[in-house]
Every structure is written in C-alpha cells, then in structure tokens.
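The values are calculated or read from the model by the stated rules, or taken from the named source; none is laboratory data. Predicted, not measured: the structure shown is a model, and the values here were computed from it. Methodologically, a virtual Cβ is constructed for each residue, glycine included, from the backbone with ideal geometry; neighbour enumeration extends over all protein chains shown. Ligands, DNA and RNA are stripped out before the accessible areas are found, and what is left, the full protein with its side chains, is counted by its heavy atoms. Shrake-Rupley method; radii C 1.70, N 1.55, O 1.52, S 1.80 Å.
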Amino acid sequence: MTNKQPKHSGNQFFSSEPHGEFSRELTLFHVTMMGLGMMIGAGVFIGMGISIDKAGPGGVVLTFTFNGLLAIFTAMSFAELSSAIPRAGGVYNFARIGFGKPASFLAGWMEWFASSTAGAMYALVFSIYTLRFFDTLHWLDWMPISLERAEVILAVATALLFIYINYRGASETGKIGAIITVGQTIFVVCIGLVGLWTAIKDPVRLQNFDPFLPHGWTRLLMTMGFTYVAFEGYEVIAQAGDETIDPRRNLPKAMLLSVVIVTIIYILVAFATVVSVSPDHPDVGNQQVHEWIGGFKEKGFGEAISKLMPFGNLILTLAVIFSSTSALNATIYSATRASYALGRDKMLPSLFSRIHSRRKTPYGALLCTAAIVLITVTLLPTEDVASSASIMFLFLFFLANLCVIKIRRAMADELTYGFLMPLFPLFPILAIIFQILLAAWLIHMSLIAWIIAPIWVLSGTIIFFIYSRSRAARTEEDILIIEEDAHPRPSENKYPIMVALANPDRAASLVNCACRLGPERDAHFELIHMAIVPDQVALHDAQPYIRDGKDAISIAQQCLAEAPVSVSATIRYCRGIARGIVSAIREKKTRLLVLGWHGKPTSSLFTVGSTIDPIIEQSPCDIVVLKGIEQNYQYHKILVPIAGGPNSGLALQVAARLCESSEPDLITVLHVDTGRGAFSPRRFVDNLCEKHGIARNRFKIKVIYDKDPASTILNMSEDHDLVVLGTTQKAIFAPFSHESLPEEIARRCSRPVAMVKAGQGIRSWIKRWI
C-alpha cells in the first residue's frame, strides 16, 4: 500500500449539518486545578489515621509515595491518549477507538456512575465537617431537627449549588474550581510545612517513626488499596478536551503536573501527621504515638493535627471544606461529560447530548447527573456506594492502560500525539498488574460494593444490547463500506486470496504475483481498496476520494478476466487502513493476503510502515508483502535466506511458486551460521519438499559462516532476481520500532523483495486485541 495515511487527530469531523460545540476557555492552570481539586479530597484525611494504624508511621508515608508512583504510570497513559484524542468523554472515547462500541459504552456508563456517586460522597463530607465544626461552637443548639437530618439537607443544598455552577458553563466551572482548589491547597500545604518546621525545631519527634514498619511490608498493599481513591481525579482532565485551549499540549501537562503536585502534598501531610504529637505528650500516655493516632481510626488525622498547631481544628475544617467542595465540583463536571459523550454518539437518548445555546453546556446530561447525585445523597449508604465508585475507577484505569497499548500498536501514526510516554509499554503493564491487586483487595472493605458494582455493569450491558447497539452513531473510527460488488460469496471449497490495492500503477504486478501464489484453480480473489479521505470530510462524503481505488481495481479485474478464478471487489473507508484490512480479512476468512510496499518506513515508530507493520502482527492469514515487483517480469534466480521456523517454510514455498523455471538449482537457500545454533538447512529443506511435494532439485543449499548475516545476505542478493524473506516472530508487546534482521534486509536491499509471514491463529488474535 503506497498511499500515505492522513494524520488523524481524533477531533470530530465536519459534516454538512451544523452542530453544537463547546467554547474553548480552559487554560493549563484551570485544568491542572481541576485535577488537583478532584484528588485533594476528603478521602485522604479519612484514610490517614487508618493507614497509620495498619502500616505504621513509615508505612503511611510509603503508602502515599507508592500510590503516587502508580498514579503517574496511569496518568502517562491518560496523557498520551488525551493528547491524541482530545475529546469530551475520556476513557469512553479511548475504549471506542481501541476496542469498539460495547467496551466504550461500559466505560462511559461506569465513569458516569462512579463520578456521580463520588460527588454525592463529597457533598456529604462537606456537610458533616461543616456542621460538626458549628456544633463545637454551639451554633446549632436552636435547630429543631437532628444533626443527621441537617447534614443531609445541607448536602443536598451544596450539591444543588455546584450543579448550578456547572450549568453556568465551563469557564465558570474552571474558574470557580480553580479558586477553591487554590484555597484547599494552601491550607493542606500549610499543614505539611508546619509539620516540617515542627520536626526541625523539635527533632525528638522524629522518634515517632521508630519502628518504621512495625507490621512489615505486606501491610502496604492493604493501605495502598484503601487510600488509592485519593489519587482519582487526574482522569477528570481528559473530560475537558473539547473545552481546553491547545489540548494536545495542556492536557498531558495538566495530568502529570497534578499527580506530581498532589503526591508531594500527600507525603508532606503524612509526615506532618506522624510528627504532630510529641512522644511525651500526656494524652499519648504509655502508647507509642502512631498507636495513639491509629487508635482513632478515620478520626486520627483530625486528632493529630489538633495537637500540631494553634487553631488546628479550624484549619483542618477549612481544609476539608475546601477539599470536599472542590472535588464535588470536579466530579459533577466529569460525570456530566461522560454521560454527554454517550448521548453525543446516540448510545443514550438525545436528552444527554443537548447543549444550551447560550451557556454552551450539556444541560441534559447535567440534569441526569444531578438526579443520581441527589438520590445518592438522600437515600443510599454513601460509604458502600463510594467503594463501588472506587472499584469502577480502578476498572476504568485498567481499561485505559489496555487502550494505550492497543491504540499505539494498532493506529500509531494515524494519530497526532502531543505526548508519548517513555519505555512503552512498561508503565501501563505495571499499572494493570497493581490495579488488579488493589481492586481485588476492596472486597475486604465492602462486600456490598462488590454487589452494587456488578449490578450497575450488568444493567449497562443490557441497555447497550437492547437500546444502544442499534442506535449508536457511526464515527470516524468505524469502518464504512463505500462500494461492494454483488458477486456471490465464494464457497468453502474456494481458496480466498485478498489483494490490497492502492496505486493503479502497481495493481497489475500485484495481481500477477498473487495468481502465481494461489492454486491454479478454485481460487477466489477479493480485491480491496481502503479509501483515504481528509479528516474534515464525513464518511459518507468519501466518493470523490476513491478514484485511484476504482482505477486499481479495474486494472486488476482486467488482468484476472481470463484466469480460472472468481473475483469480487470492495472499496472501504476507515481512519486506519491497517485496521480496515485486518477487519476485512477476518470477515471474509481470507487465507492469503498480497500487498505492496514502497520500501521506506513512514514513521520512526515503525520498521516497515504504519500500514504494513500492524497488518503483519495482527492478521491471522498468510501474508506476502512485495517490494519493487515489476509487471510481467520473470524471476529465474531467487535467494531465500532461512533460519528455521514456519515463516522460513512459507518463504521456500513462495519462492518455488514465483520462480518461472523448474530447472534445478535456481533457488538458492542461504543459511548464515553465526555460531549460535545447530540448525540444519538441508534437513529443513528435505522435510519441506517431502511435506508439500516440491521437487528437491530446485533448491541449492549454501551455508556461510559469518558474524554479520545482514551484509552477507545483501551481498548475495546482487546476483539474484528476487529475495524472499520470512519475517521474524516478535514478542507480544515488542515495539514496532524494533527492527528485525529480515526487515533491515528488506529495507536496504536493492533487488525486488517478497516478505512472508505464516498465519499464527490465536497469537494473531492476542496481537489484535492486546
């Protein structure tokens, strides 16, 4: 395939119909504060005392350190995906591009519920801490209702206030959220700095860290699982893709900045909590300080900070108030954008996609989100529902890490990345492993949560298959069949061969070679062209861009007119040529794919090309990639370097079919022995010829001892008409940019080259999905 793929940004394409869109008003500061506001929530204050009780004084510091490191791993996945696909919806969009509509619907469905219920929890936390502080001042003695009922009423009022703020628009949401986040950050940082100053002024308090890990290292996984909810929030930034200024640059920066900043703050606050009380304080008595703090469980942080500095209770209350309201603002925003994305793509009713003409806010999605928040505040046990939200967030992070691997490998330079993580795919794999462990641990916190979460997921699955699947809008990530001839489907006795055509000048040479590679009779040729259309053009307006494809198919059909084969042709359009071809191969049960290569990689991410590499890795059928093949040229002297394996065997079969003459010794089988193995090329060729009924005298075996096989093969190729190479099998997670020996030879060779890969069955399925 020689046509260069267009850069695909993931932005919505333009159609002839006008559509509502968001205004871009959020700066790097606004979206960074949005992430911080979500993360510096009341959860960290509740979890601090419990972590000290379970893991000890050093354990609480290590808990937030390791959790911050784990959060950075996943934040890099979100940063990479958001820089390439800067649209509202977050994981919903990533899952749709990576794994299709069912996965994306469940991602959006879970994120909507998780963010909404988390918002309800923050509204209750705000209400509880505020009223408790007023109660200590005896300001509530006049109330005719109980404190618990007053907490619910204030929580509902608080939720309604922030729902209205989100209705006012993204600019107000970002600016008010930024102001609140700055306030909460100042209070929390003050606690950490006072702790540092106290330790410097009174070094004896450092004795509180002895013993550092009184219960051993194994308790860290427990405390990490419990407090990981404190790091949920950077994913909210992905929801602001449609409203952020310069999203490719600002979204990745905001995600990484927010995680780094919050990790440093948490470590400071954990340190301050441990050193807050002097070892000889009368309230501590004969206990160790960490035992005294841990004895208060979720209230331990408040008890410790009240002893750390004057007006400790006031400062702590203000910090919690700012934190909970900031997180409430961010979660309502996130839940609204997640449900808006479902409505935008018709996964949910049109109410969810309605945008206010003046406010530019998705008021329909906000209304439905408000219903979940208010119902949760008034009726549901928030502790168990919050645990359900945590499980779903971990599921989402797991899915996001899978998506970054799948999308990088399957789409690559179809996307324009603003950020690429280093050492790919190490960090997402590590994050996946630990997220599974932390999610499994949550069953010890709330059995009810493990009942609620599956019920919500099951209900979403039912809704998708009953309502969403048939109504979901086609997007630029989908494959669209533009034209397909009415030729009947070939019978199972036919040998299906697919020829991918792009350039009319090379159509005849590809088809002629394909004819030699297939059986003389009972072959069915599927001619396919993947049309390339600019991103700003809608799928159904692709007609003017398929002229080359029509010409190439017409030439190929003329070449096959006299052949004893059946022929059908298809022109398709999708944003990724490789994905479109792999999909067609599986749909039509193709056994052999023939396609061309221009000879130069199109990106530093690939060794062969952005189209060829994914096809080679993910296709289940045999593949022959042809470079420099000329029409009607006859190949008499063919070189086949081999080292064993299924691809070497297919290379010998392809060479035997492409060689014009049946005279002996015209096909040179070359094995370069580097001294690293005991491979016998003679035995390999003998077994192959016996198995496939090929005349043994057609092959001439040559063994050369050399430490530089590439140079040896390239020098030998100069005396031959064609070089046939079997590809090297790569590891499942090997990067495309790791060039193998056959790929290096194919790139450097001046002679025509045929690269072949034998079908791999289940391995190609794993490559396709993972």
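Observations on the model:
- The residues of the stretch 352-379 that are among the aromatic types (F, W, Y) and crowded, with 22+ Cβ neighbours inside 10 Å amount to a single one, F352.
- In the stretch 601-630, of all residues being open to solvent by less than 10 Å² (accessible area, probe 1.4 Å) and in contact with a Pro (Cβ under 7 Å, 6 or more places away or on another chain), the one that is modelled with the lowest pLDDT corresponds to T607.
- The stretch 56-85, residues that are open to solvent by less than 10 Å² (accessible area, probe 1.4 Å), more than 18 Å from L438 (Cβ to Cβ) and either polar (S, T, N, Q) or over 22 Å from the mean Cα position of the chain (by Cα) (or both): G56, P57, G58, S82, S83
- Screening the stretch 234-243 for residues that are out of contact with any strand residue (DSSP E or B) (no Cβ under 8 Å at 6 or more places or on another chain) and modelled with pLDDT under 75 and picking the one that is most open to solvent (accessible area, probe 1.4 Å) gives D242.
- Residue in the stretch 136-143 that is assigned to a helix (DSSP H, G or I) and at pLDDT below 85 present: yes
- Listed by position, the strands (runs of 3 or more DSSP E) enclosed by the stretch 607-704 that each have at least 1 residues that are more than 37 Å from the chain's Cα centre (by Cα) are 638-641, 667-673.
- Close pairs (6 angstrom Cβ cut-off, 6 or more residues apart or separate chains): β-branched (V, I, T) in the stretch 435-451, assigned to a helix (DSSP H, G or I) and open to solvent by 60 Å² or more (accessible area, probe 1.4 Å) anywhere: I443/W450
- Among the residues of the stretch 669-682, those that are open to solvent by 10 Å² or more (accessible area, probe 1.4 Å) and on the phi < 0 side of the Ramachandran plot comprise H671, V672, D673, T674, R676, G677, A678, F679, S680, P681, R682.
To keep it simple, each residue is scored yes or no on (1) assigned to a helix (DSSP H, G or I); (2) without any contact (Cβ under 8 Å) to a residue 40 or more places away in the chain.
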residue: V277; (1), (2): no, no
residue: D280; (1), (2): no, yes
residue: I293; (1), (2): yes, no
residue: K307; (1), (2): yes, yes
residue: L316; (1), (2): yes, no
residue: I321; (1), (2): yes, no
residue: T325; (1), (2): yes, no
residue: T331; (1), (2): yes, no
residue: L348; (1), (2): no, no
